[in-house]
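Working notes, beginning with the structure itself.
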There are 2 protein chains.
Amino acid sequence: MSNSTSSSSLEKQLVLDADEDSYGGVTVNMEKPMDSKVFTSVLRTSLSYWRQQGKRGVWIKLPIHLANLVEPTVQEGFRYHHAEPDYLMLVYWIPKTSDTIPTNSSHRIGVCAFVLNDKREVLVVKERSGQFGGTDVWKFPTGVAEEGEDIWTAAIREVKEETGVDTEFVEVLAFRQSHRAFFGKSDLMFVCMLRPCSSDIRKQDSEIEAAQWMAAEDYAAQSFVREHEQFNYVAKICLTKSEKAYAGFSPIQALSSSGKINDLYFNHRDCDLSADQNQ
Amino acid sequence: MSNSTSSSSLEKQLVLDADEDSYGGVTVNMEKPMDSKVFTSVLRTSLSYWRQQGKRGVWIKLPIHLANLVEPTVQEGFRYHHAEPDYLMLVYWIPKTSDTIPTNSSHRIGVCAFVLNDKREVLVVKERSGQFGGTDVWKFPTGVAEEGEDIWTAAIREVKEETGVDTEFVEVLAFRQSHRAFFGKSDLMFVCMLRPCSSDIRKQDSEIEAAQWMAAEDYAAQSFVREHEQFNYVAKICLTKSEKAYAGFSPIQALSSSGKINDLYFNHRDCDLSADQNQ
């Protein structure tokens, strides 16, 4: 909100400060505390003003210390769009037409690490809690990528955290898409092959009951693995990789048209872009 | 909250109804309106009770019509976890140890469709708005997967919506991970090869300026494609696929250990699971 009390324009004074975007929308980043009744009044004036201006989507970002403004914003017809630990984003669509508000993020990224040493042993763990807590199932280390974390980095980190073993990333061998996985959202789990750079195991006590190196065939022969289709398929893909030529996807860095460096994963064996990369 | 007024246990009466999970957490699904002062009092009693019980994460799901309870929940030390249009989820970690609260969904899923016909022509579009609006660049059809939508379904749907062409899914040829893409969140874009089942183009007017079939080599020869690394790499992978053996990942259905049917994408050429599937 404008702090100027000497403004010549009353209207301007009563309208919330907002950034415009290239889709005809406005975004308000609330930062300073405001009484909820005052906020309601200013928000109503602002909405009238933006409606006159032909604006479409109105975004209001409320940091968590302004939680008192959530209820008044909802009362003016806003809905939630997304939230992070320290803020809530609300949105309102002004036009009578159906909205083109972009969807919230929909997927969590999981990694499942197939770490094979030169004795054909795989690194496996028993988990303390969750679906496999208290069972005899030896599993590949798994985990969830953190906010902004690369798939290959997440795989290396999870193996290190759970077992203490250092690894190098080799390839994505497969991935699985699952819906209604957590809070109704979706999940993409990447099965990653990693090469161990160390062998000593120092397991994480809080989440991991036990960790060991296990003959790859013994892993696949566990009755739980054989009897559960998805585990069985993943085990077969991993064993195929360990026995013969199986081309997965590995990353190279690629500059996007907006100037960002991203990871592009593809089958390097069948398509060699290294000549391009070294130009 | 328990509606029973004849409960013999005062403590039980004052504690919010909650579902327990296998990680030592509890989840409260608030549904009925409650005065915010009453809620604060019951929440404090509940937290004491759960602390005594050794509970860890406490989740409170507030539907948007209970926005009046957001501020009191935050005042008791909760933080936001995630939000959907109609609810806000808050979380509190009771133990003194560092939390193991799962992260919010972090990624949006994009699809980029490489549709090649038997004349070696690709289906391309000119977009009306966004980064490429008003430019001369012919692009593959692209879009964002909807909530709960499969990657292969999203690719078929986007091609149909933008161009009117019916297709069959062939393979994921590559994927790209990008961070800080929208609202600071990440993006995974899957380059999908599709086989056309029809050829007549009926373009979508709202988003698409023009659509056509174009010789694959002419697509790749566009100066924009040649000069932008990511576009250039993707074009080369697609041309490689069109000229010789390039193994991408295609999906099969696999039953998870929790009884759900998921899509598992992998290199079928190098690993044949069809015998397993037909068992």
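For residue B:111, indicate whether it is part of a strand (DSSP E or B) and within 21 Å of the chain's Cα centre (by Cα). Spell out the reasoning first.
Details: part of a strand (DSSP E or B): yes; within 21 Å of the chain's Cα centre (by Cα): yes.
It is true that residue B:111 is part of a strand (DSSP E or B) and within 21 Å of the chain's Cα centre (by Cα).
Among the residues of region B:190-213, those that are assigned to a strand (DSSP E or B), at pLDDT 95 or above, more than 9 Å from chain A (Cβ to nearest Cβ) and closer than 14 Å to residue B:113 by Cβ comprise B:190, B:192, B:193, B:194, B:195, B:196, B:211, B:213.
Restricted to region B:146-169, and to residues there that are hydrophobic (A, V, I, L, M, F, W, C) and touching a helix residue (DSSP H, G or I) at 6+ places or on another chain (Cβ under 9 Å), the residue that is farthest from residue A:146 (Cα to Cα) is B:165. Flag not set for residue A:137, criterion: outside any loop (DSSP other than H, G, I, E, B) and more than 22 Å from the chain's Cα centre (by Cα).
Which residue out of B:172, B:124, B:137 is within 28 Å of residue A:173 (Cα to Cα) and either surrounded by 15 or more Cβ atoms within 10 Å (Cβ to Cβ) or free of Cβ contacts under 8 Å to residues at least 40 places away in the same chain (or both)? Don't jump to the end; show me each part of the working.
Details: B:124 fails: within 28 Å of residue A:173 (Cα to Cα); B:137 fails: within 28 Å of residue A:173 (Cα to Cα).
Unique residue meeting the criteria: B:172.
Take the conditions within 14 Å of another protein chain (Cβ to nearest Cβ), within 30 Å of residue B:243 (Cβ to Cβ), touching a Leu at 6+ places or on another chain (Cβ under 7 Å) and modelled with pLDDT of 95 or more and apply them to residue B:39. Does it pass? So residue B:39 fails the test.
Output the residues belonging to region A:252-264 that are surrounded by fewer than 21 Cβ atoms within 10 Å (Cβ to Cβ) and either more than 9 Å from chain B (Cβ to nearest Cβ) or of a type outside the set (Ser, Thr, Tyr) (or both). Lay out the reasoning, then the answer.
Filtering region A:252-264 down to residues surrounded by fewer than 21 Cβ atoms within 10 Å (Cβ to Cβ) leaves A:252-253, A:255-261, A:263.
If the condition is that a residue be surrounded by fewer than 21 Cβ atoms within 10 Å (Cβ to Cβ) and either more than 9 Å from chain B (Cβ to nearest Cβ) or of a type outside the set (Ser, Thr, Tyr) (or both), then A:252, A:253, A:255, A:259, A:260, A:261, A:263 are the ones that fit.
Taken together, the residues in region A:47-61 that are over 26 Å from the mean Cα position of the chain (by Cα) and either of a type in the set (D, E, K, R) or surrounded by fewer than 17 Cβ atoms within 10 Å (Cβ to Cβ) (or both) amount to 7. Give me the strands (runs of 3 or more DSSP E) completely within region A:44-99, filtered to those with at least 2 residues that are over 29 Å from residue B:106 (Cβ atoms), ordered by residue number. The strands (runs of 3 or more DSSP E) meeting that bar number zero.
Given the structure, is residue A:23 at pLDDT below 95 and at negative phi? Yes: the conditions hold for residue A:23. Kindly indicate whether any position in region B:222-242 is within 21 Å of the chain's Cα centre (by Cα) and modelled with pLDDT of 95 or more. No. Scan (1) in contact with a Phe, Trp or Tyr (Cβ under 7 Å, 6 or more places away or on another chain); (2) at pLDDT 95 or above for the single condition residue A:246 breaks and write down its number. Of everything listed in (1) in contact with a Phe, Trp or Tyr (Cβ under 7 Å, 6 or more places away or on another chain); (2) at pLDDT 95 or above, residue A:246 misses just condition (1). Before we move on, is residue B:275 among the small types (Gly, Ala, Ser), in a helix (DSSP H, G or I) and at pLDDT below 95? Yes; evaluated as a whole, the condition is true for this residue. All of A:203, A:260, A:241 fail the test of being basic (Lys, Arg) and free of Cβ contacts under 8 Å to residues at least 12 places away in the same chain, apart from A:260. If you check B:74, B:91 for being in contact with a Gly (Cβ under 7 Å, 6 or more places away or on another chain), of a type in the set (Val, Ile, Thr) and within 20 Å of residue B:34 (Cα to Cα), only one passes: B:91.
Scanning region B:228-248 for residues that are surrounded by fewer than 18 Cβ atoms within 10 Å (Cβ to Cβ) and more than 9 Å from chain A (Cβ to nearest Cβ) yields a count of 2. Scanning region A:108-149 for residues that are within 10 Å of chain B (Cβ to nearest Cβ) and among the hydrophobic types (A, V, I, L, M, F, W, C) gives A:109, A:132, A:137, A:144, A:145.
Suppose the filter is within 10 Å of another protein chain (Cβ to nearest Cβ), farther than 27 Å from residue A:266 by Cα, among the aliphatic types (A, V, I, L, M) and buried (at least 18 other Cβ atoms within 10 Å of the Cβ); does residue A:91 pass it? Outline the logic, then answer.
On the way: within 10 Å of another protein chain (Cβ to nearest Cβ): yes; farther than 27 Å from residue A:266 by Cα: yes; among the aliphatic types (A, V, I, L, M): yes; buried (at least 18 other Cβ atoms within 10 Å of the Cβ): yes.
Taking the combined requirement at face value, the residue satisfies it.
Residue-level check: of (1) surrounded by fewer than 22 Cβ atoms within 10 Å (Cβ to Cβ); (2) within 23 Å of residue A:128 (Cβ to Cβ); (3) small (Gly, Ala, Ser), residue A:155 misses just (1).
Per-residue answers, yes or no, for (1) in contact with a helix residue (DSSP H, G or I) (Cβ under 9 Å, 6 or more places away or on another chain); (2) farther than 30 Å from residue A:181 by Cα; (3) of a type outside the set (Phe, Trp, Tyr):
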| site | (1), (2), (3) |
| --- | --- |
| B:179 | no, no, yes |
| B:190 | yes, no, no |
| B:197 | no, yes, yes |
| B:229 | yes, yes, yes |
| B:240 | no, yes, yes |
| B:252 | yes, no, yes |
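Scanning region A:214-227 for residues that are surrounded by 18 or more Cβ atoms within 10 Å (Cβ to Cβ) and away from chain B (no Cβ under 14 Å) gives A:216, A:219. Take the conditions (1) touching a strand residue (DSSP E or B) at 6+ places or on another chain (Cβ under 9 Å); (2) of a type outside the set (A, V, I, L, M, F, W, C); (3) more than 8 Å from chain A (Cβ to nearest Cβ); residue B:96 misses just one of them, which is (1).
Would you say residue A:207 is out of contact with any Phe, Trp or Tyr (no Cβ under 9 Å at 6 or more places or on another chain) and surrounded by 15 or more Cβ atoms within 10 Å (Cβ to Cβ)?
Details: out of contact with any Phe, Trp or Tyr (no Cβ under 9 Å at 6 or more places or on another chain): yes; surrounded by 15 or more Cβ atoms within 10 Å (Cβ to Cβ): yes.
Spelling it out, residue A:207 is indeed out of contact with any Phe, Trp or Tyr (no Cβ under 9 Å at 6 or more places or on another chain) and surrounded by 15 or more Cβ atoms within 10 Å (Cβ to Cβ).
Within region A:62-88, if we keep just the residues that are β-branched (Val, Ile, Thr) and surrounded by 23 or more Cβ atoms within 10 Å (Cβ to Cβ), the residue that is nearest to the other protein chains (Cβ to nearest Cβ) turns out to be A:70.
Within region A:86-108, restricting attention to residues that are among the aliphatic types (A, V, I, L, M) and under 18 Å from the mean Cα position of the chain (by Cα), which residue is farthest from residue B:81 (Cα to Cα)? Give the steps one after another, and end with the answer.
Step one: filter region A:86-108 for residues among the aliphatic types (A, V, I, L, M), giving A:88-91, A:94, A:101.
Restricting the remaining residues to those that are under 18 Å from the mean Cα position of the chain (by Cα) gives A:88-89.
Numbers: A:88: 9, A:89: 12 Å.
Applying the filter and picking the extreme gives A:89.
The values are calculated or read from the model by the stated rules, or taken from the named source; none is laboratory data. Treat the numbers as computed from the prediction; the structure is a model and nothing was measured. No Cβ is skipped: glycine too gets one built from the backbone with ideal geometry, and neighbour counts run over all protein chains shown.
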